[in-house]
Amino acid sequence: MSTSQEFDLSSISVMALFRRIQAGRDLKNNTRTDYNLKREEYDRIQRALLQDEELRCFVETKIQRRLAVRRPTNVHRLFLDSVEYAIESQLESIRNGPGRKARFVQNIRLTRPSTICLPAKASSDVSRHDADAGLKHVDARYPGVIIEISELANKYLLASDANVQAVVCLDIAHGKKGSRRATFSIRRSQLLSDDNGIELRRTVLDATDAFRDDEGKPTNNRDLQLRLSDFAFQRLVQEDMGDEDAQISVSCVQLCQFLDEAEECE
């Protein structure tokens, strides 16, 4: 029996939804569609995806047995625009200044969306991810900083072999009833050595804070902070900047304002 003949209604609906989103034709306002799948339904979808490489790459990181498909709304896009602009403005100030920091920042480029192909478990394979935005040095393979409205931090940090230095995750909780709470988190990679001198890599939650409370007011929590040295891998940073560094920060008040403005424009 062919894969299409095996499909029940849930499996067909899931595959059709994937294809609509991939083609940019799914224009509903809700950001999430949930399907409770039986094991056999999940397996059928997996088999169908193996026959469609392009579609498989598109949905690879978004399938679970309880399947949730997330799509950004205009609020997500407008909010991300403002966050990027706040970071870019500070980079521009450094870019126009003196010293090695300025030369380093001249080579930083914003990419959106940022397509990243990471090594998969099989050495000859790659796993493709489309990050919401990335800030990448022209001489680096991967963005040093990734900005995501979803949580894929561990994947980026570990699979990139520390080329990705920091992942900023923005959870604006849009569409959740009864709360206007919104948070940011920053994850970084950390290199450790075991008793035998073997290097091990893990991810560390460097910061996680609410920038807007349940009532929609800005909090007094710490700023979203990045270092200039986050924007490329360590060896490249040392070659370009030496021991120089700088802080890039966006306050909770700014983040809350950006989100308020994005929601007003929807």
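Return the pair list, or none, for Cβ contacts closer than 7 Å from residues in segment 83-103 that are in contact (Cβ under 8 Å) with a residue 40 or more places away in the chain to residues that are acidic (Asp, Glu), at least 6 apart or on different chains.
Pairs that qualify, where the first residue is in contact (Cβ under 8 Å) with a residue 40 or more places away in the chain and the partner is acidic (Asp, Glu), are 99/244; 100/240; 100/244; 101/244; 103/240.
Yes/no matrix, rows are residues, columns are (1) surrounded by 15 or more Cβ atoms within 10 Å (Cβ to Cβ); (2) modelled with pLDDT of 95 or more:
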{"position": "186", "(1), (2)": "yes, no"}
{"position": "196", "(1), (2)": "no, no"}
{"position": "236", "(1), (2)": "yes, no"}
{"position": "258", "(1), (2)": "yes, yes"}
{"position": "262", "(1), (2)": "yes, no"}
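Right, residue 142: among the aromatic types (Phe, Trp, Tyr) and modelled with pLDDT under 65 or not?
So residue 142 does not fit the description; no.
Quick check on my filter: what residues within segment 34-49 are modelled with pLDDT of 65 or more and polar (S, T, N, Q)?
46
Could you check residue 222 against (1) touching a Cys at 6+ places or on another chain (Cβ under 9 Å); (2) modelled with pLDDT of 95 or more and say which number it fails?
(2)
State the number of residues belonging to segment 240-266 that are in contact with a helix residue (DSSP H, G or I) (Cβ under 9 Å, 6 or more places away or on another chain) and assigned to a helix (DSSP H, G or I).
Within segment 240-266, residues that are in contact with a helix residue (DSSP H, G or I) (Cβ under 9 Å, 6 or more places away or on another chain) and assigned to a helix (DSSP H, G or I) number 11.
The values are calculated or read from the model by the stated rules, or taken from the named source; none is laboratory data. This is a predicted model, so every value here is computed, not measured. Here the Cβ is made from the backbone with ideal geometry for all residues, glycine too, and neighbour counts use every protein chain on show.
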